[in-house]
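The values are calculated or read from the model by the stated rules, or taken from the named source; none is laboratory data. Values in this document were obtained by computation on a predicted structure and should not be read as measured data. Cβ coordinates were reconstructed from backbone atoms using ideal geometry, including for glycine residues, and neighbour counts include every protein chain displayed.
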C-alpha cells in the first residue's frame, strides 16, 4: 500500500525501460503518468519526468483538499502508440506529522486531545503567486517541448496550450487570467 500525505510532498520513483523488436531502447517518445483514483469520480493525474537511464520521478504535492483518503494508484506508460498500465496498488492519504496536546485543567485532571496540524506552505523565496504561476507554466511548457516563440505568434495555439495547462494543473480562472496578463506584459518571461 502506498502512502501520500496532506502535509508534505512525496517523491514517487520507478524505472522504465522500453525496448522495440530490434532490442533498441527508446525513451524519447515515452511518457509516464501516475493516477490517483478516489472512487468518487475524482482523479489526480501527475506526469513523470524520465531521464536517459529510464529513472522516472513523480513529485506528488501535499494533498490537502481531498475528501476521500483512499483509493487506487496506477502507473501508465505511453510509448509512441503503445499504452501500458504497468502497475497499480492501493493508497491512503495520511498526515505525516501528528500533534498531541495534554491540557491540565484547574483541578489537575489531564485531558488529551488530538489536533491536526494546520500547515501553510511558504516557498523558499516567498515569491508572489504570479511568479509561482509563471514558473509552473514554464515547467509545463518545457516538459512538453512546446516552442513558445512559435506558439505566442499564433493566438489559437497559445490559448489551446493555456486551456490544456488549466485543465491538467487544475488552475482556477483567476490564476489563468493572471498568467495571461503577465505573459502579455512581458512575453520574454517564457
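To keep it simple, each residue is scored yes or no on (1) touching a residue at least 12 places away in the same chain (Cβ under 8 Å); (2) outside any loop (DSSP other than H, G, I, E, B); (3) touching a helix residue (DSSP H, G or I) at 6+ places or on another chain (Cβ under 6 Å); (4) more than 30 Å from residue 99 (Cα to Cα).
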site	(1), (2), (3), (4)
4	yes, yes, no, no
7	yes, no, no, no
11	yes, yes, no, no
14	yes, yes, no, yes
21	no, no, no, yes
27	yes, no, no, yes
36	yes, yes, no, no
39	yes, no, no, no
52	yes, no, no, yes
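Give all pairs with beta carbons closer than 7 Å in which a residue from region 127-151 that is more than 16 Å from residue 187 (Cα to Cα) meets a residue that is at pLDDT 85 or above and not in a helix (DSSP H, G or I); count only pairs at least 6 apart in sequence or on separate chains.
143/47; 143/49
Sort through 107, 85 and tell me the only one that's out of contact with any helix residue (DSSP H, G or I) (no Cβ under 7 Å at 6 or more places or on another chain), farther than 26 Å from residue 140 by Cβ and at pLDDT below 90.
The unique qualifying residue is 107.
Only one residue in 134, 77, 150 is surrounded by 10 or more Cβ atoms within 10 Å (Cβ to Cβ), at pLDDT 85 or above, on the phi < 0 side of the Ramachandran plot and touching a helix residue (DSSP H, G or I) at 6+ places or on another chain (Cβ under 8 Å), so which one is that?
It is 134.
Enumerate the helices (runs of 4 or more DSSP H) found wholly within region 125-185, keeping only those where 1 or more residues are in contact with a strand residue (DSSP E or B) (Cβ under 9 Å, 6 or more places away or on another chain) and closer than 18 Å to residue 61 by Cα.
129-143, 155-169
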